[in-house]
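The values are calculated or read from the model by the stated rules, or taken from the named source; none is laboratory data. What you see is a predicted model, and the numbers here were worked out from it, not measured in a lab. Quick reminder, even Gly has a Cβ in these numbers, built from the backbone with ideal geometry, and neighbours come from all protein chains shown. Heavy atoms of the whole protein, side chains included, go into the accessibility calculation; ligands, DNA and RNA do not. Shrake-Rupley method; radii C 1.70, N 1.55, O 1.52, S 1.80 Å.
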Amino acid sequence: MSGRHAPGVGSTPPRTAPGPATAAVPVGAAARTAWSVPAALGVIAGILLALGVTLGFGGNGALSLAGLAALLGALAWRDPRRALLLGLAVAGVGAGFLSARTVLARPDPMTPWLGAQVTLRGEWDGQFLTLQEPRARVAVAPKPTQGAGQLTVSGRLVAPEGRRTPGGFDQAAWLRAQGGLLLPTPGAVLVAARVQAHTPGRGLRGWFRRGLSAGLDDRRAALMQAIELGDRGDISREEFAEGYAVRDAFSRAGLAHLMALSGQNVALITGVLLWLLIRAGAPPAWRYGLPAALLLPYLLLLVQPSPSITRAVIMGGVALVALAVGRGRPDPLGLIALAALLCLLLFPLWLLDLGFVLSFLAVLALTGSARLAGRLPARWPYALRLAVAATVLAELGTLPVIAGTFGQVPLVGLPANLVAGVIMAALVPLGFLAGLLGPLAAPLNLINGPLASALLLVAQTFGQAPVLTWGVIGPAGFVAFVTAAGAGWLWLLGRVPGRAVMGTVLAGTLLTALPGWVRPAQDIVFLDVGQGDCTLLRLPGLTVLIDAGGSVGSDYDVGGRTVVPALRALGVRKLDVVIATHADTDHIEGVSGVLRGMPVGEVWIGQRKTDDPVLTAVLNEAQVRGVPVREVRRGDHVQAGRAALTVLWPPGNAWSTEDNDNSVAVRLDVGDWHAAFLGDLPAHAEAALNLGRLNLLKVAHHGSRYSTGEALLAQARPADAVISVGRNTYGHPHPDVLGRLAAANTRAWRTDQSGTITWPLP
């Protein structure tokens with residue numbers, strides 16, 4: 001790896017090339033590429049090849065390989081060592097391919113027990129349960145609240161699920177990326193988990209955890225564990241107020257990275273240790289060598305490997321060793337490539353991990369911090385200029401991934417990070433010291449407690465600011481971003497004027513947004529919310545959500561955690577109407593989360609019950625948000641261009657004691673195309689609707705045997721029917737219903753089999 005020599009560290013100052021360079025660069029360095037760069041590009045290409053062969057990513061893999069080949073060609077073209085660079089790249093391809101195939105081909109020893117009720121005992125680290133015999137790792141749901149230690153837990157083993165909603169969590173892909181050459185890949189999930197026994201850990205992590213929480217309340221202790229150990233299990237359960245989770249506040253404020261161990265932790269902790277060694281008069285070998293030697297135990301024994309912290313430890317360790325032996329500071333790009341090379345050889349499927357992608361995009365963007373700081377007003381203190389530059393570049397560098405993955409972009413990230421950065425500068429090293437002190441840390445936590453409270457206050461305050469919502473970013477969007485980023489980099493180098501960058505950004509924005517403006521989406525999206533209902537109607541000038549799912553007997557927020565991310569991924573920025581069909585948890589519990597997470601024009605209900613807690617929660621949330629509530633009756637309708645949405649039920653003149661009988665049912669007419677959405681109406685109410693001919697039927701009550709009667713099917717004769725259903729003990733969809741649909745020559749589509757179903761409208 002090529003490097004720069006720092007003056008005064010075991011060498012004389014190097015000669016510099018002419019020009020306004022901000023750092024000393026050896027003559028000829030501009031024409032050379034660090035050996036780790038082509039090697040890392042080759043490893044990435046090899047992993048993509050393995051994924052393309054094994055997982056069927058052929059199209060995307062081919063596009064990525066073409067881009068990597070072009071980049072490698074550009075690097076080799078300007079370097080006199082072309083043959084060496086190409087040889088390193090070829091070797092990297094082979095190494096990456098072999099590493100990925102080794103991990104992918106390894107069988108999961110838990111496969112024979114899938115579907116069985118089991119009791120497992122192993123080491124719980126807050127994320128996975130590690131078993132000794134067979135040697136395996138298992139995910140547990142719901143995640144135990146107990147801290148790290150020996151855990152005995154019972155439940156049913158199932159295979160992980162893939163992404164079933166737009167913007168949803170792909171559990172299977174995430175678990176696949178958690179394995180490596182030396183670490184088993186979690187291949188099963190223990191669901192309906194019940195903890196039978198727990199013995200707190202007594203090793204270094206247990207001692208450290210006790211120090212972080214000594215004398216602190218639950219919320220601040222949870223924050224300290226997230227900041228110092230990367231363990232976000234406890235903080236995920238904390239709320240500032242009902243429906244306002246602490247983790248959501250950090251995300252909306254642009255501070256989510258503070259709870260993911262990264263280079264910031266390594267830099268702050270190592271910086272304090274370096275300062276102490278310098279004050280003690282330690283020679284360079286000890287000054288830099290001791291912190292470098294402590295980084296590996298820190299990673300393996302205390303925090304455990306994850307993409308961002310592993311990258312930071314590798315980069316920090318190499319830089320410190322280089323300084324210790326008098327080689328100076330390594331070339332930043334070569335150092336980043338070396339970290340990627342080592343990470344991916346050990347954990348090849350980290351290439352698909354969101355944390356890995358964000359970590360390396362951010363650190364690549366940060367290489368321009370000094371240049372951008374030099375372009376900010378000189379009257380500002382340099383530390384402030386550098387902090388502003390680093391924050392802006394990190395946010396811009398990760399923008400497409402953040403926007404496309406989370407469906408929103410914080411608008412207050414810069415001020416929030418500047419304020420939080422001051423607090424973190426003190427909290428991280430003091431918290432680390434508290435962890436080392438273990439149970440004796442209570443006096444020190446008299447300082448850490450107020451610092452943690454201040455950080456929570458920053459997140460709570462800035463987290464209430466508006467966010468910019470975003471949809472899924474397609475290939476054209478990424479091309480536009482890369483083009484704009486390239487123009488911005490050329491501006492930093494002084495090659496192009498600022499107006500050229502602005503023109504590139506505006507052109508990319510217009511070209512990627514134009515298709516959506518010219519041809520807005522026209523479809524019905526049946527979101528997979530498990531055993532529940534949630535249907536989105538997207539029409540020109542009208543966006544309607546019918547129900548939002550719910551989790552009976554669970555505190556999982558389906559509306560906030562599943563429905564809202566899906567809506568954002570689909571590019572929905574507001575809802576004109578939300579229909580809460582009836583007071584059943586699996587239909588309307590999620591409506592409260594939708595009201596909290598997205599602007600809504602009005603809520604439609606049928607019967608206004610006053611004694612139902614779920615409906616009351618929805619009505620209270622609507623009142624808090626200032627959303628009008630409309631009690632609809634048969635004949636009410638709304639028109640949007642050539643589309644009309646008409647209420648078919650309830651008539652409103654009498655109410656049943658059964659909530660299902662009072663469901664709001666609506667009919668959608670788009671020209672001569674017709675669909676009906678019937679809530680949980682039973683067969684006797686369906687027969688009174690006079691639906692007429694239908695093209696599409698949303699089957700009532702998840703396929704219950706008491707709905708979708710023969711009279712309805714004989715009258716409507718739908719060509720297709722959609723059943724919204726998940727894992728259940730009710731027998732849904734009932735064989736009788738499937739039989740009636742088959743007898744009517746109606747094709748049945750099920751969310752439990754197909755996931756989210758999108759139906760285009762004519």
Whole-number D in µm²/s for the chain (Stokes-Einstein; Kirkwood sum over Cα pairs; 37 °C, 0.692 mPa s): 114
Ordering of 537-546, 104-113, 523-532 by packing [mean C-beta count within 10 Å, highest first]: 523-532, 537-546, 104-113
For V496, residues with placed amide H under 5 Å, excluding near neighbours: W491
Set of aspartates and glutamates with alpha-carbon distance to K143 below 13 Å, sequence-local pairs under 8 removed: D125, D231, D234, D555
Residue-span extension gain [Y730 to Y244] - 0.36 nm each, minus C-alpha spacing: 171.6 nm
Per-residue [θ]222 nm for the chain (sum of -39500 (n - 2.57) over DSSP H runs n ≥ 4, rounded to 500): -14000 deg cm²/dmol
log₁₀ of I(q)/I(0) at q = 0.27, 0.34 Å⁻¹ - the stretch 382-421, Debye sum with one point per alpha carbon: -0.91, -1.13
Accessible area of the chain divided out per residue, in Å², using a probe of 1.4 angstrom: 45
Amide H within-cut-off set for D108, under 5 Å, with H built and near neighbours excluded: none
Net +/- balance of residues flanking G560 in space, Cβ distance below 13 Å, scoring K and R +1, D and E -1: -2
Whether the stretch 273-424 is rounded, prolate or oblate, judged on the alpha carbon gyration tensor where a/c under 1.5 counts as rounded: oblate
Extended-chain gain in nm, criterion 0.36 nm per residue less alpha-carbon gap, V357 and W207: 50.8 nm
The stretch 202-346: C-alpha gyration tensor shape, a/c 1.5 cut-off, then a/b vs b/c: prolate
Degrees separating the helix 307-324 axis from the principal Cα axis of the chain, which is the longest one: 0
DSSP bridge pairs, the chain: antiparallel proportion in percent, nearest 5: 70
Over the chain, relative contact order from alpha-carbon pairs under 8 Å, at least 6 apart, %: 10
Full-stretch length increase - A280, V90 - with 0.36 nm per residue and alpha-carbon distance subtracted: 63.6 nm
Local electrostatic count, L490, Cβ distance below 14 Å [Lys/Arg +1, Asp/Glu -1]: +4
Global geometry of the stretch 652-762, whether rounded, prolate or oblate, following the gyration tensor of its Cα atoms and the 1.5 cut on a/c: rounded
Backbone HN-Hα couplings from phi across the stretch 471-488 [Karplus 6.51/-1.76/1.60, Hz, Gly and Pro as x]: x, 5, 9, x, x, 4, x, 5, 4, 4, 5, 4, 5, 5, 5, x, 5, x
Cβ crowding within 10 Å averaged over residues, with 693-701, 34-42, 356-364 ranked highest first: 34-42, 693-701, 356-364
Other-chain or far-sequence residues with amide H under 5 Å of G162's (modelled H): A172
Environment charge at P134 (Cβ cut-off 13 Å; Lys +1, Arg +1, Asp -1, Glu -1): +2
Label-point separation, T509 to F478 (7 Å along Cα→Cβ), nm: 2.3
Positive-end residue of N690, G671, V722, charge dipole of the stretch 654-731 with Cβ unit charges: V722
Backbone HN-Hα couplings from phi across the stretch 38-48 [Karplus 6.51/-1.76/1.60, Hz, Gly and Pro as x]: x, 5, 5, 4, x, 4, 4, 4, x, 5, 4
Highest-first arrangement of 569-578, 634-643, where packing means the average Cβ count within 10 Å: 569-578, 634-643
With Cα atoms, 0 to 90° folded angle of helix 204-213 axis to the chain main axis: 70
Among A566, F526, W470 the positive-end extreme of the charge dipole of the stretch 448-592 (Cβ point charges): W470
The stretch 512-524 - phi-based ³J(HN,Hα) in whole Hz, Karplus 6.51/-1.76/1.60, Gly and Pro as x: 7, 8, 4, x, x, 6, 6, 10, x, 5, 9, 6, 10
Crossing angle, helix 354-366 versus the chain [Cα axis fit, 0-90 degrees, rounded to tens]: 50
